[in-house]
Amino acid sequence: MLRLSQLFLRTLRDDPADAEVPSHKLLVRAGYIRRAAPGGYTWLPLGWEVHRNIERVVREEMNGIGAQEVHFPALLPREPYEATNRWDDYGDTLFRLKDRRGADFLLGPTHEEMFTLLVRDLYSSYKDLPVSLYQIQTKYRDEARPRAGLLRGREFTMKDSYSFDLDDDGLATSYLAHRNAYIRIFDRLGIPYVVVSAMSGAMGGSKSEEFLAECEVGEDTFVRCGSCNYAANTEAVRVRVAPSTHDNIPAAHVVDTPSTPTIDTLVDCLKSLGVTAPHGGEWTGADTLKNVVVMVKNPDGSRTPLAVGVPGDREVDMKRLEAQLSPAEVEPFGEADFAAFPALVKGYIGPDVLGAEKAAGVRYLLDTRITDGSAWVTGANVSGKHVVNLVFGRDFTSDGTIEAAEVRAGDSCPECGAPMRIDRGIEIGHVFQLGRKYAEALDLKVLDKNGKQQVVTMGSYGIGVSRAVAVVAETSHDELGLCWPREIAPADVHVVSTGKGNDEITSFSDHVALSLEQRGLKVLFDDRIGVSPGVKFKDAELLGMPTIVIVGKGLAEGKVEVRDRKSGERTDVDAASVIDHIVDVCRAL
RNA sequence: CGGGGAAUGGCGCAGUUUGGUAGCGCGCCUGCUUUGGGAGCAGGAGGCCGGGGGUUCAAGUCCCCCUUCCCCGACCA
């Protein structure tokens, strides 16, 4: 039993000034966590209880699909990560350090290499497969911007698991088992979530899905189709493009468009020129081809320019662009960069000079909406001039396509064409099929039935455990405080005694708390003497146990009050039957 | 890493303009009163005013550098 008179806890009346999002404010105010370092939090008794409860749910479901728990060091040697190139590819996000002899180490951001090597060490036959291993580990990432308390820290707890199979069918089966386990886990945690198609990012690999908690403060944006089941992270959206309807476009020609460095000014100018648009209607930004130049920063530190062409009514989504170019990063093209590439006329950049073989020597990739035969207005590479009726395939080419244009609400679903919604979420889980990238890099092979060496195929699956604590707080609270789902609450029931220490109320509340514990419930007992009832009620609401029992003035009429934290519903129960009643309530779900 | 704001007791804040004894509310300790919605009175404890360097007789306050935090843009469990 947790007695508030003894518990290491101090609740705060005011929100901490450095917290912005509700989960951060409430977890600090309620005495669950305490900031200890930039991006690092101390877990206080109640917070750690929630953390362990989430771990328990995760373990049960992982064990349920036959995965086996192991535990690696967080402090890892450089070599395995060198072999897979991630020592460099992970960039500044990787915590690197040296030992006293100058040897390189890192704090593990994720453990694909170590698991792969472990299996290689011990297993060498197809008879050993499939096998799935997992750990619940402290992970380290030197985030550029830790924020929102637990939601994005530099040290966090993650459950990561890895499946090892002989062939693609086996991988598909392991992947599905994990996916289903994740569904059960997040259902039990009471987190509202969506499963979306995702990029595999720096991990490499093929099929990949994310579990996103639907949440306004989320950092991910995703689309969802209103009529079919399609859902995807915007980074991973693959646009469905209608073929060009343009036909018999007259020859391209240059027009004078003075002072038109932006799409808006260009459209206004085109309207005033009296030139007709290829589709016969009024000119819009969608008729223009905007060429945006960026600097691509490669993992080895080198920088190469890249031009991206998108319809003028859309921005280039830097997140989507970077996801396509991963592990390289994208930087804005600065004034100094323009000076170094004089062929690029800012505001009037056109395909004439773009392309690896052309004047500017800049690689040129086009959005998939620039289809064969489509006609565009675009820069003429001379200040104040644009080209009209430039047809892709006829008048210009590119070095390839790229999905970097922004995604908007109302864009059509790649599966069924219906308009899509756009929402925000927090990534709480990620499952993906790694394939053979790591097994090849680290030489993980087993002998098959025919005695031949086969490269093993792998899956990798993560759940942010510490993040899940914050996500539950974020998705389950009200203006009074936290509301934990019973499965992970620090206690089933919060017993409030308003007694003065030496009266019937005190002795009966004692009896209630002890009896409930004997019946197998986890009890948080506010047995503090000399604390006013108002304070105890406020604390009970802030702390967020699912059931609150108040032994107080009602006892004079033989009644005890039982409240449901989430609904606020209050019931007066006969003191004689209150134990059974509460046990029933707590076991009901 | 760019732009904006901030750092004063456990928490929230004033004081900085105009340099001159470090304050308020909450919390904490003691005593008395109080006890169903963050009680009252009285008395206390607790501060290298984020760090370093300057200017000055004198710096929380002025100047320079650094660190950290929050928000907005580029990364992920």
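The values are calculated or read from the model by the stated rules, or taken from the named source; none is laboratory data. On a predicted model such as this, the values are computed, not experimentally measured, just so you know. Please note: Cβ atoms are built from the backbone with ideal geometry, for glycine as well, and neighbour counts cover all protein chains shown. Only protein heavy atoms, including side chains, enter the accessible area calculation; ligands, DNA and RNA are left aside. Shrake-Rupley method; radii C 1.70, N 1.55, O 1.52, S 1.80 Å.
In the list A:466, A:460, which residue meets the criterion of being in a helix (DSSP H, G or I) and modelled with pLDDT of 90 or more? Walk me through it before giving the result.
Numbers: A:460 fails: in a helix (DSSP H, G or I).
Result: A:466 is the single residue among A:466, A:460 that is in a helix (DSSP H, G or I) and modelled with pLDDT of 90 or more.
If only residues of the range A:426-445 that are of a type in the set (A, V, I, L, M) and assigned to a loop (DSSP other than H, G, I, E, B) are counted, the one that is modelled with the lowest pLDDT is A:442.
When you check residue A:481 against the structure, is it within 11 Å of RNA strand B (Cβ to nearest atom), on the phi > 0 side of the Ramachandran plot and of a type outside the set (S, T, N, Q), yes or no? Yes: the conditions hold for residue A:481.
Conditions tested, residue by residue: (1) at pLDDT below 85; (2) away from RNA strand B (no atom under 16 Å from the Cβ); (3) in the same structural domain as residue A:351 (by TED's automatic domain parsing); (4) open to solvent by 20 Å² or more (accessible area, probe 1.4 Å).
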site: A:182; (1), (2), (3), (4): no, no, no, no
site: A:187; (1), (2), (3), (4): no, yes, no, yes
site: A:190; (1), (2), (3), (4): no, yes, no, yes
site: A:194; (1), (2), (3), (4): no, no, no, no
site: A:224; (1), (2), (3), (4): no, yes, no, yes
site: A:248; (1), (2), (3), (4): yes, yes, no, yes
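Take the residues of the range A:1-24 that are under 22 Å from the mean Cα position of the chain (by Cα) and near RNA strand B (Cβ under 10 Å from one of its atoms): which is surrounded by the most Cβ atoms within 10 Å (Cβ to Cβ)? Explain how you work it out, then say what you get.
Start the filter on the range A:1-24 by keeping residues that are under 22 Å from the mean Cα position of the chain (by Cα), which leaves A:19-24.
Still in the list and also near RNA strand B (Cβ under 10 Å from one of its atoms): A:19-21, A:24.
Values: A:19: 17, A:20: 13, A:21: 19, A:24: 25.
Once the filter is applied, the top-ranked residue is A:24.
Checking the conditions here, which among A:34, A:59, A:13 is outside any helix (DSSP H, G or I) and within 23 Å of residue A:155 (Cα to Cα)? Talk me through it step by step, then tell me what you get.
Details: A:59 fails: outside any helix (DSSP H, G or I); A:13 fails: within 23 Å of residue A:155 (Cα to Cα).
Within the list A:34, A:59, A:13, the selection yields A:34.
Per the conditions (1) modelled with pLDDT of 95 or more; (2) open to solvent by 10 Å² or more (accessible area, probe 1.4 Å); (3) hydrophobic (A, V, I, L, M, F, W, C), the sole criterion not satisfied by residue A:480 is (1). If you filter the range A:85-101 down to residues that are surrounded by 18 or more Cβ atoms within 10 Å (Cβ to Cβ) and more than 11 Å from RNA strand B (Cβ to nearest atom), you find that the one that is nearest to the chain's Cα centre (by Cα) is A:95. Contact annotation: residue pairs with Cβ atoms under 8 Å, 6 or more positions apart or on different chains, pairing a residue in the range A:366-389 that is under 9 Å from residue A:289 (Cβ atoms) with a partner that is assigned to a loop (DSSP other than H, G, I, E, B) and among the aromatic types (Phe, Trp, Tyr), are A:377/A:283; A:379/A:348. Only residues that are part of a helix (DSSP H, G or I) and either more than 16 Å from the chain's Cα centre (by Cα) or within 22 Å of residue A:434 (Cα to Cα) (or both) were counted in the range A:138-194, giving 21.
Here residue A:235 meets each of (1) closer than 21 Å to residue A:407 by Cβ; (2) more than 27 Å from the chain's Cα centre (by Cα); (3) not in a strand (DSSP E or B) with one exception, condition (2). Restricting attention to the range A:294-322, which residues are modelled with pLDDT under 80 and open to solvent by less than 20 Å² (accessible area, probe 1.4 Å)? Once the filter is applied, which keeps residues that are modelled with pLDDT under 80 and open to solvent by less than 20 Å² (accessible area, probe 1.4 Å), the range A:294-322 yields A:295, A:296, A:320, A:321.
Conditions (1) more than 8 Å from RNA strand B (Cβ to nearest atom); (2) modelled with pLDDT under 95; (3) out of contact with any strand residue (DSSP E or B) (no Cβ under 7 Å at 6 or more places or on another chain); (4) assigned by TED's automatic domain parsing to the domain that holds residue A:30, marked per residue:
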| residue | (1), (2), (3), (4) |
| --- | --- |
| A:520 | yes, yes, yes, no |
| A:524 | yes, no, no, no |
| A:528 | yes, yes, yes, no |
| A:531 | no, yes, yes, no |
| A:535 | no, yes, yes, no |
| A:556 | yes, yes, yes, no |
| A:570 | no, yes, no, no |
| A:573 | yes, yes, no, no |
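Pick from the range A:25-41 the residues that are more than 6 Å from RNA strand B (Cβ to nearest atom) and over 20 Å from residue A:524 (Cβ atoms): which of them is most open to solvent (accessible area, probe 1.4 Å)? Selected residue: A:35.
Could you count how many residues in the range A:365-395 are within 24 Å of residue A:265 (Cα to Cα) and either over 38 Å from the mean Cα position of the chain (by Cα) or assigned to a strand (DSSP E or B) (or both)? Spell out the reasoning first.
In the first step, residues of the range A:365-395 are kept if they are within 24 Å of residue A:265 (Cα to Cα); the result is A:366-367, A:369-370, A:374-392.
Subsequent filtering for residues that are either over 38 Å from the mean Cα position of the chain (by Cα) or assigned to a strand (DSSP E or B) (or both) retains A:366, A:375-392.
Residues flagged as within 24 Å of residue A:265 (Cα to Cα) and either over 38 Å from the mean Cα position of the chain (by Cα) or assigned to a strand (DSSP E or B) (or both) within the range A:365-395 amount to 19.
Residues that are within 12 Å of RNA strand B (Cβ to nearest atom), open to solvent by 10 Å² or more (accessible area, probe 1.4 Å) and more than 27 Å from residue A:83 (Cα to Cα) do occur in the range A:457-470, at least one of them.
Against the list (1) assigned by TED's automatic domain parsing to the domain that holds residue A:233; (2) closer than 26 Å to residue A:338 by Cα, the condition residue A:390 fails is (1). Across the range A:396-425, the number of residues qualifying as part of a strand (DSSP E or B) and open to solvent by 20 Å² or more (accessible area, probe 1.4 Å) comes to 8.
Taking the range A:141-171 as the range and being among the aromatic types (Phe, Trp, Tyr) and either near RNA strand B (Cβ under 7 Å from one of its atoms) or at pLDDT below 90 (or both) as the test, only A:156 passes.
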